[in-house]
Every structure is written in C-alpha cells, then in structure tokens.
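Q: The structure follows.
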Amino acid sequence: MKEDVSPSGPPFVELKGISKRYGDLLANDGIDLAIAPGEIHALLGENGAGKSTLVKILYGVIEPSAGEIRWEGRPVTIGSPVEARALGLGMVFQHFSLFDEMTVAENIAVALSDEWDLAMVRSRLSEISRTYGLALDADRAVWTLSAGERQRIEIVRCLLQNPRLLILDEPTSVLTPQEAEHLFKTLDKLSAEGCSILYISHKLEEVRRLCRRATILRAGRVVATIDPRAISAREIAALMVGNEVGEIRSDAPHAPQGEVLRVNHLNMPPAGLHGVALKDINFVARAGEIVGIAGVAGNGQSELFAALSGERLADRADTVTIAGRACGTIGIDTRRRLSAAFVPEERLGHAAAPTHRLSENTLISHAATEVSRSGFILLNAAKRLARTIIKSFDVRTPEGDPQARKLSGGNLQKFVIGREIIRKPKLLIVDQPTWGVDAGAARLIRQALVDLAREGSAVVVVSQDLDELFEVADQMAVIHQGSLSPLKPIRAWTREAVGLEMLGVAQAQGGAHAV
Amino acid sequence: MTTFEAILLTIVTASTPLLIAALGELVTERSGILNLGVEGMMAMGAACSFAAAVTFDSTLIGVAAGILAGAFMAALFALVVLGFAANQVGSGLALTIFGLGLSGLIGAPFVGSRRDPIAPIDIPGLSDIPVVGRLFFEQDLFVYASIALTILIAIYLKRTRSGLTLRSIGENHASAHGLGLPVLRVRFLAILFGGACAGLAGAYLALVYTRFWSPGMTAGRGWIALALVVFAAWRPAWVLVGAYIFGAATVLQLHAQAAQWGIPSQLLSAVPYLATIIALLLLSLRYGRAIGAPGSLGMPFVPDR
C-alpha cells in the first residue's frame, strides 16, 4: 500500500519533520511533505488528522514545535501570515476569513501590503476577474454574497499577490457541484501557469479529479503518499480511516406506512436581516422512511428547522401537522409530547448547554418525561438516563458526567442525537447530523438514523453533505432561497440534478425536474 | 449678548465633553472592545487635570494631565481584557467604580479651589456676524478640537489603511488574526485612544464647564457618551449630531424648568434622553440599514500560536 510517488522535479516547497505539540496531544508528528512547482498536491485526512494544523504552520499562523520548512531549497522561518505572503504564499481558508459588513474591495485590500490603495485594488480586481472568470462586484457588502462568491473573494485576494504556492483548505465544502467544477478549472489554469497548489480535502472524488499526488495524514502522521488516480477510492478511504470503511446497513426494500409529518403551504418571513424567508413549503414524511433536505448553507435550512420544531411559530396551525394534529402555532414542548424529537445544527449552545453536565442536558428535551416531576429535577433519573445514552451511543467522555463543552464535537453530537433517539420518537428532525464529525462517529450516527427509520419512525435529515443524503435518504428534496423542490425518491436524483436545484436554475432550464 | 445667544453658547459647552468622550469610545468599540469604564476614566481626567492645573497654575499642564490620567486608566483596562482576556463588561464596570473612587481621593485637597475661565479663540471678522457669529467663531479651543476630531476620525475609519485594519479587527478578530493583522496591538492603541479622549472630556468638565472640582461631578456623562455611540450606530457624524441634540435638550429643559410651565421637573429631566433616542432612531430609519455593532464587540480574543 505504501506506494511512493516521487515528485516530477526538484521540490518547490519542502516540509521536514514538522511537529506540533499541544500539551499531551501531538497534532503533527514528524510530517514530511514536498510540493513540486506547478503541482496540485492533495493533503487528505479525516477531521482531526492534523491537516489544518499543518497548513496553519506553513502559513505562519502557528509556530511548529519542531521541524524545518524549505522554500526553493532554502530553509525559512515563517513567523506570521504577513511573512508568508511576502514569500509568495496564498491561503484560502475553510471558514472564510472575510468581514461581513465590509465591501469586497475593502476585504481584499485589508490583506494586502500597505502600498495597495482601494483604487488599485479595484482596477486589478476587474483584470483578475476577467482573466480567471471570477466575477465580483467591488462595492457589494460581503454579507449579501453567496458562499461561492465569498470564496472567489478569498481566491482573488491571493491571486492579486501573485502567489507561487496557493493553499486551499476544504474549498468545496460550501459549494454546489457546478461552483466546485468552476473552481477546479481555475485551479487547473493556475497550475498550468506554474503556481503550486496544496489542496486539502476529505473528498476523494475531487482529489482524483485534480491531483496526481496526495499525502495522507492520520492522527498527525503521514501514512502514505500516493497517486490518487492509481488506487481505488476504497483503498484511499481505508488509508485515511485506518481500517476498512463499513457500509451503512439498510434492510431495504421496505414499505413506508402512515403519514407522520405533513408540511402544508408553509410560509414564514425571515427572522433577521440576514435571514431567508420560507416560501410555500410542502412535503410529507411517512413512518419508516428518511426524508433528506439538501441545499447549500444559508438557503433557509435553519429557518425550516425552526418552523418544524416550533422554535418559530407559523401564523396558521395547519401548516405543520405532526401525528395527525395541526400544530403550526404551538411550541416545541407540545410537539415533543406528540412524540416528535429535534436535533438542531449547533450542538454546543443550541442542542446542549455548554457548562451543564450531560445529565443536566438530558432535561433539555426530556423535561416533560421521566427526569422531572412537578417542576423538580429527578437528578438520579437524569444521571441514569445520561449513562444509558453514553453507553448505547458509544459517547467517549473524559469523566463520568462531564460538562457538555468538555466533549469533542463528534462525541457531543453522538450524545445529542442519542438523547433524542433513545426516546423512540415517531418523528425525528435533525439539522446537519454529522457536520464536523469524524468518520467513525458519522457512521454511527447515520446507522442510528437508518435504524430508527427501519423501526417505524419518520426521519427528516437536513444536510449539506450530498454523500450523506445519497447514503441514508429514501426521499429527497432540495431547498434553495427558501423554496423546496418536489420530493422525489432518492434513486430519481442525479448529482447534476441536485446541483442545478441548489443553484435554483432547474426551473429555468425546464424539464430538469423530470430526471 | 442676548439671552438667545447665551443659551446657544451653553448648549455648545454642554455638548462638547459628551462628543469627545463618545468619539473615543467609538474608536475603541470599532476595534471590538467594549469599555464600560468611560465614566471612571472621565472622572479621573477631571480630578487629575484640575489638580495639575491648580498646582502648576497652567491650563495646558492640566489638560495634559487629564489626557494622561484617562490613558493610564485605559491601560489598566487593556492589561486586564487583552492580557488576561477577562470579561469586558465586568472589567469596564470595575474601572468605573475604581475611577470614581480614586478621583475622589486625588481631588479631595482641591475641593473649594477655582480656576479662571479660559479665553475663547476669536476669529476676527467672522465672530461679528449676528447671532451665529459668536456661536461658531468665538469658542474655546476644545470646541474646535472636538469638531476637528469628529472629521478626522470619520476620515480615518473610512479612508485610511490603518482605519480599515481597525474596522476589520472589530468586525471579526479571528479572520483578522488569520490574515496576520496585529489584533492585540491595534486594540491596545484603540483602548488608549478611548481613555485619552475620556480624560480630555473630563478635563473639559473641570477646567471649562464647572471650573471647580467636586466628587462625582461627571454625573453620568460617561454613560451618556456610551449610549450615544450605540444610538449613533457607531458613526462619528451621528455621534456629533446626537451629542448636540442631547446638549441642547439638557440646556433647554433647564430653562423650561426655570420658566415654571407646570410640567413636573422629573419629566423634563427625561427629555434629553428621549430626544436623543428619537432623533437617532429617525436618522437610522431614514438611512436604511443601520450598521449593527462591530461583529467581535465585547468578545475576548486569545490568539493561538
């Protein structure tokens, strides 16, 4: 498996023995990496494998504990991002380093050296936009832009400095498939012009599309450097995860039964300045099936979740019907009593109170049940319940009953999903079930969702991860700017059709619905 | 001088300290730091400036002492909220209580002393224009300085490189750090600037407005300045408008009380607050989407290295 691919020329950048220690944790452990001029080199690994730490070291944001960086054969120390940019390094961050209330031009100028003024930024911006097909309006405020446009700002910001090495950290996580393909073309062009690219991802398909060499990290160490086109996606996944990746077990085929959730002409104005209005949403979830809601972030998913859970109330009761009862105008607790359960996207602060213990956190959704009586908390019952959840859902905790904030993302997510599933709800609505969660935990969570549906519950999964939806959903619809596409069986969807719906162009092109 | 002219002049005097203190706080807040200690820094500025002015018999030394005292108090605040990433609300409240107490101690030996009024700067010719002449062209240096400061800060924030950096840091400190902008250094300077302005506002109170020292003489003006920044949606020009509306309402309601119109005095005392809120609310409705608070306002920042 350790198939060494040698670079096509002398390395442009070379990392030797890079280590970073945080207390007892070795985030990077003796990492060696070489990137040739004009090469698109992939850095692959699961969440927590040490990819982000490594690029932050390369970009001068954090200091390595040990190791050496060679730039064109010459050892360098990169003390800050300013020094990194002076060398010719550009970085496109995963969570964009943009300033929402400022304009595009201001966002670009702020990262450039002092000799740039806004007028220069404007003229070079239009030049770069034309050359690379990255259309941007210099005077728009960033908060009005889509994720794809925001990423363009980051890329243009780098290109203005004539980078010789461009680092992209999970660039496609917020893009539609079409926007991603556009990005790949830009990267191909840059690479052809001699710019080296370090491409960080955990999506195998796009790495195979872009790169000839990939370095795989696991638990802070390099496990292999491979040609991603020469070995199968399954083998690469095995290298990343460390053991063979299991498939989600689903006892298909099955017949969905009675209707549990009906959403009927649901309209809702946006909650705030940056919110999205829900426009005439209709769908039905039946017992025994998983309904997937796909879409790019910020297209009304959180608004839909709030309307379904009862965190925001509709003006008509019959917009949301749960288990036969019209409850569009009643709150979340009453809906829970109808045997519905809800898991919001934000696990810390929304699904769980950070400084409360796990046992206390069971009260958030079990208040009406066994853990309290006449307004008093039954502490022992809560502790028992927390222990049961911890055990059944393999939640790894630093101590018996820790504060929620002390759990890692994946473990807390297992806990909050387990807390709802253990009630055996007839309806479970979950927003982004595996966002930012490692592969093992993601698999466990998806399996639990599938199992719950197979036992006869209706499950609604709102997710931006298309792979996840294709894996677990029986029916799927796409949300775009607050409107929901028709719900169709998962086999009736192609990735392309989903992408068009995400862009909102399916209607315009006509007939794309009938894929 | 007519009564009308006299009223207009007192309005300017009442507004200027609010304007100076609010401008300083505006710069601090645009960098993402909420300093609730304005009242305390102002009190220290007043006490130290008055003590220094009486001791050395120099208004100039007094003003310098006021500014330094404000900046010193701000430096203490910066140490706590930047150095130890402490809670800004708690630290700011503590700074106010500390400043009010310490200013009482420093000012104690000077209770009962008085200073002579400082000479206004007369712009020849222009100040002879009827009614508005003296209002606009025969003021003391502080008034001109406060107007100039408003314009300079507006230009600084909107048009300069370093103003852009400061706004970015206030908007999103994590992104700014990721781009390599010096978050803590810029915030330290912004806090110092805010403190210096509060100190200057205090010096104005003690050396021009009252010309004596008494404990607690700031009388909540620091809090008004803080509120002005919020109502003005963090825009320098609106702070100017708000400060003058507040000053005008304060002076006019005093005259209304003296005129004995039968309106309860408590109600009249509330007029400046209501007038300021309503005026700035109308402004933000008129100009569409008001900018919200800086994105990182009040949040502690610990850079990872």
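The values are calculated or read from the model by the stated rules, or taken from the named source; none is laboratory data. This is a predicted model, so every value here is computed, not measured. Here the Cβ is made from the backbone with ideal geometry for all residues, glycine too, and neighbour counts use every protein chain on show. For accessibility, only protein heavy atoms count, side chains too; no ligands or nucleic acids. Shrake-Rupley method; radii C 1.70, N 1.55, O 1.52, S 1.80 Å.
Q: For a quick check of your reading of the filter: which trypsin sites (Lys or Arg not before Pro) in segment B:97-193 sit in a DSSP loop and have no more than 12 other Cβ atoms within 10 Å?
A: Sparse-neighbourhood loop trypsin sites (Lys or Arg not before Pro): B:114.
Q: Compute the accessible area per residue over segment A:13-241, keeping the other protein chains in place, probe 1.4 Å, unit Å².
A: Values: 8600 Å² over 229 residues.
Per residue, segment A:13-241 has an accessible area of 38 Å².
Q: What distance in nm separates the simple spin-label points at residue A:82 and residue A:346, each placed 7 Å from Cα in the Cβ direction?
A: Simple spin-label model gives 3.4 nm for this pair.
Q: Compute the acute angle (0 to 90°) between the alpha-carbon long axis of helix B:141-159 and the principal axis of greatest extent of the alpha-carbon atoms of chain B; round to the nearest 10°.
A: The angle comes out near 30 degrees.
Q: Measure nothing fancy, just the Cα-based angle from helix B:59-78's long axis to the longest principal axis of chain B, in degrees from 0 to 90, nearest 10.
A: Roughly 30 degrees, rounded to the nearest 10.
Q: Can you return the lysines within cross-link range of residue A:189? Criterion is Cα-Cα under 23 Å, with same-chain partners fewer than 8 residues away left out.
A: By straight Cα distance, residue A:189 reaches A:203.
Q: What distance in nm separates the two pseudo spin-label positions at residue A:65 and residue A:130, each 7 Å out from Cα along the beta-carbon direction?
A: The two pseudo-label positions are separated by 5.2 nm.
Q: In segment A:260-307, which residues give up 30 Å² or more of accessible area once the other protein chains are added, compared with their chain alone (1.4 Å probe)?
A: Listed by number, the residues meeting the 30 Å² cut-off are A:273.
Q: Give me the one-decimal nm value for the distance between modelled label points at residue A:280 and residue A:455, 7 Å along each residue's Cα-to-Cβ direction.
A: 3.9
Q: Could I ask something else about it? Given the options B:244, B:204, B:273, state which has the largest fluctuation in a GNM of chain B using a 10 Å cut-off (strictly under) for Cα springs.
A: Looking only at B:244, B:204, B:273, the biggest GNM fluctuation is shown by B:273.
Q: Based on Cα positions only, what radius of gyration and what Dmax would you give for segment A:259-514, in angstroms?
A: Rg, Dmax (Cα atoms, Å): 18.0, 60.
Q: Now for a separate question. Sequence neighbours fewer than 8 away in the same chain don't count; with that in mind, list the lysines whose C-alpha is under 24 Å from residue A:279.
A: A:488
Q: Here's a follow-up. Just the number, please: Stokes-Einstein D of chain A in µm²/s, Kirkwood Rh from C-alpha pairs, 37 °C, 0.692 mPa s.
A: Translational diffusion coefficient: 133 µm²/s.
Q: At 0.36 nm per residue, minus the direct Cα-Cα distance, what do residue A:355 and residue A:333 gain on full extension? Give it in nm, one decimal, please.
A: Extending this stretch completely gives an extra 5.7 nm.
Q: Charges only on Cβ, +1 for Lys and Arg, -1 for Asp and Glu: so what's the dipole of chain B about the Cα centre, in debye to the nearest 20?
A: So the magnitude is around 780 debye.
Q: For a label point 7 Å from the Cα of residue B:259 along Cα→C-beta, name the residues of segment B:1-34 whose backbone N is under 19 Å from it.
A: Label zone hits: B:2-12.
Q: Across segment A:461-467, in residue order, what do the Karplus-derived ³J(HN,Hα) couplings come to in whole Hz, using 6.51 cos²θ - 1.76 cosθ + 1.60 with θ = phi - 60° and x for Gly and Pro?
A: 10, 8, 8, 9, 8, 5, 4
Q: Just to be sure I understand: if you take the accessible area of chain A alone plus chain B alone and subtract the pair, with a 1.4 Å probe, what total do you get in Å², rounded to 100?
A: Protein heavy atoms only, the A-B interface buries about 2100 Å².
Q: Does any residue of segment B:162-193 lose at least 30 Å² of accessible area with all protein chains in place compared with its chain alone, and if so which ones (probe 1.4 Å)?
A: B:164, B:167, B:168, B:171, B:175, B:178, B:179, B:180
Q: A further question on this structure: Scan chain A and note any complete DSSP helix (H) whose C-alpha atoms cover at least 15 Å along its axis and whose Kyte-Doolittle average is -0.5 or more.
A: Counting only whole DSSP H runs, the qualifying helices are A:118-132, A:147-159, A:379-392, A:409-421, A:439-454.
Q: Mind putting a number on the dipole of segment A:128-245 about its Cα centre? Charges go on the C-beta only, +1 for Lys and Arg and -1 for Asp and Glu, and I need it in Debye to the nearest 20.
A: Value, rounded to 20: 300 debye.
Q: Which of B:178, B:166, B:247 sits farthest toward the positive end of the charge dipole of segment B:151-271, with +1 on the Cβ of Lys and Arg and -1 on the Cβ of Asp and Glu?
A: B:178
Q: Give me the percent of the accessible area of segment A:259-514 that comes from carbon and sulfur atoms, probe 1.4 Å, all protein chains in place.
A: Numbers: 5280 of 10490 Å².
Taking all protein chains in place, segment A:259-514 shows 50 percent carbon and sulfur surface.
Q: How large are Rg and Dmax for segment A:13-241 when only the alpha carbon atoms are used, in Å?
A: Just the Cα atoms of segment A:13-241 yield Rg and Dmax of 17.3, 51 Å.
Q: Can you give the relative contact order of segment A:259-514 as a percent, counting alpha carbon pairs under 8 Å and 6+ residues apart?
A: Rounded, it is 27 percent for segment A:259-514.
Q: Can you give the FRET efficiency to the nearest 0.05 for residue B:5 and residue B:230, using r as the Cβ-Cβ distance and R₀ = 41 Å?
A: 0.80
Q: Name the residue farthest towards the positive end of the dipole of segment A:32-179 from the options A:59, A:36, A:160, assuming +1 on Cβ of Lys and Arg, -1 on Cβ of Asp and Glu, about the Cα centre.
A: So the residue we want is A:36.
Q: Let me ask another. With r defined as the distance between the Cβ atoms of residue B:129 and residue A:377 and R0 fixed at 60 Å, what FRET efficiency is calculated, to the nearest 0.05?
A: Calculated value: 0.20.
Q: Round to the nearest 0.05 the FRET efficiency obtained for residue A:384 and residue B:160 when R0 = 56 Å and r is the Cβ-Cβ distance.
A: Calculated transfer efficiency: 0.35.
Q: Same structure again: With only Lys, Arg, Asp and Glu charged, each at its Cβ (+1 for the first two, -1 for the last two), find how big the charge dipole of segment A:13-241 is about the Cα centre; round to the nearest 20 debye.
A: With only Lys, Arg, Asp and Glu charged at Cβ, the dipole is about 640 debye.
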